[in-house]
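The values are calculated or read from the model by the stated rules, or taken from the named source; none is laboratory data. For clarity, every value in this text was computed on a predicted model and none was experimentally measured. Cβ coordinates were reconstructed from backbone atoms using ideal geometry, including for glycine residues, and neighbour counts include every protein chain displayed. These area figures cover heavy atoms from the full protein model, side chains too; ligands, DNA and RNA do not enter into them. Shrake-Rupley method; radii C 1.70, N 1.55, O 1.52, S 1.80 Å.
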Amino acid sequence: MKKFMRILSPIQLIIVCILDIAVIGYAVFAIRKLSQNPKASVIFFTACVAAALIVAVLVTKEIVSHGVIFHDDEMEFTGLDTDNVFLYENIVKVETQKDEKPSFVKNYFDRQSRIILTLKDGKTVTIDIGLTTKGTLKKLSDEICNRTGVPSLEINEKYDDSYNDNAEEEKNDSPDSSNNK
């Protein structure tokens, strides 16, 4: 079953909405001026506003389409261009990070939410999902954990060293491992 979870930053949504409203306002102004006084400069301004309107629609569509598509055996992060598909069976750990401590020295990128996937081959993949809320990050983490079968952690919580030992023991004790011997 296919499921889509949208990853939408409230700040990003507000900024895009303000810019869309501004472009629409300029379009109304340009059309009024064009109907009152059709000069070459007004026609040029109206054409520029029409191009800005097209760009605004495309940017809004792109912002709203970012998220994660959960398939039966894999998940796909739509905001990434490459290496955006992960098989559930290859994911060993799912950790999340979100810095919420007040500070005047941290920059924009320090505030973004991250999902850290540890794969079977030992590779660690960090996916930056932007300035999301804790609720969105937790829902996304819980959905990934439910589909992969790994334990769900709280935001900024780390796996302890005993998790790897327990996971190995469970694999060795499973009925599937006895059939392979």
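From D99, D81, D72, grab the single residue that is under 29 Å from V23 (Cβ atoms) and assigned to a loop (DSSP other than H, G, I, E, B).
Numbers: D99 fails: under 29 Å from V23 (Cβ atoms); D72 fails: under 29 Å from V23 (Cβ atoms).
When all the criteria are applied, what remains is D81.
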Residue in the range 7-27 that is in contact with a Cys (Cβ under 6 Å, 6 or more places away or on another chain) and surrounded by 15 or more Cβ atoms within 10 Å (Cβ to Cβ) present: no
Breaking point among (1) open to solvent by 90 Å² or more (accessible area, probe 1.4 Å); (2) modelled with pLDDT of 90 or more; (3) in contact with a helix residue (DSSP H, G or I) (Cβ under 9 Å, 6 or more places away or on another chain), for E100: (2)
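Scan the range 49-74 residue by residue and report those that are under 12 Å from the mean Cα position of the chain (by Cα) and either of a type in the set (V, I, T) or surrounded by 17 or more Cβ atoms within 10 Å (Cβ to Cβ) (or both).
Residues satisfying the conditions are I63, V64, H66, G67, V68, I69.
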Selection count, the range 129-141, where residues are modelled with pLDDT of 85 or more and open to solvent by 50 Å² or more (accessible area, probe 1.4 Å): 1
Residue satisfying condition, being out of contact with any Asp or Glu (no Cβ under 8 Å at 6 or more places or on another chain) and more than 23 Å from L131 (Cβ to Cβ), within set K61, K39: K39
V16 being within 21 Å of S113 (Cα to Cα) and not in a loop (DSSP other than H, G, I, E, B): yes
Single condition Q36 does not satisfy, out of (1) more than 16 Å from S9 (Cβ to Cβ); (2) modelled with pLDDT of 90 or more; (3) open to solvent by less than 90 Å² (accessible area, probe 1.4 Å): (3)
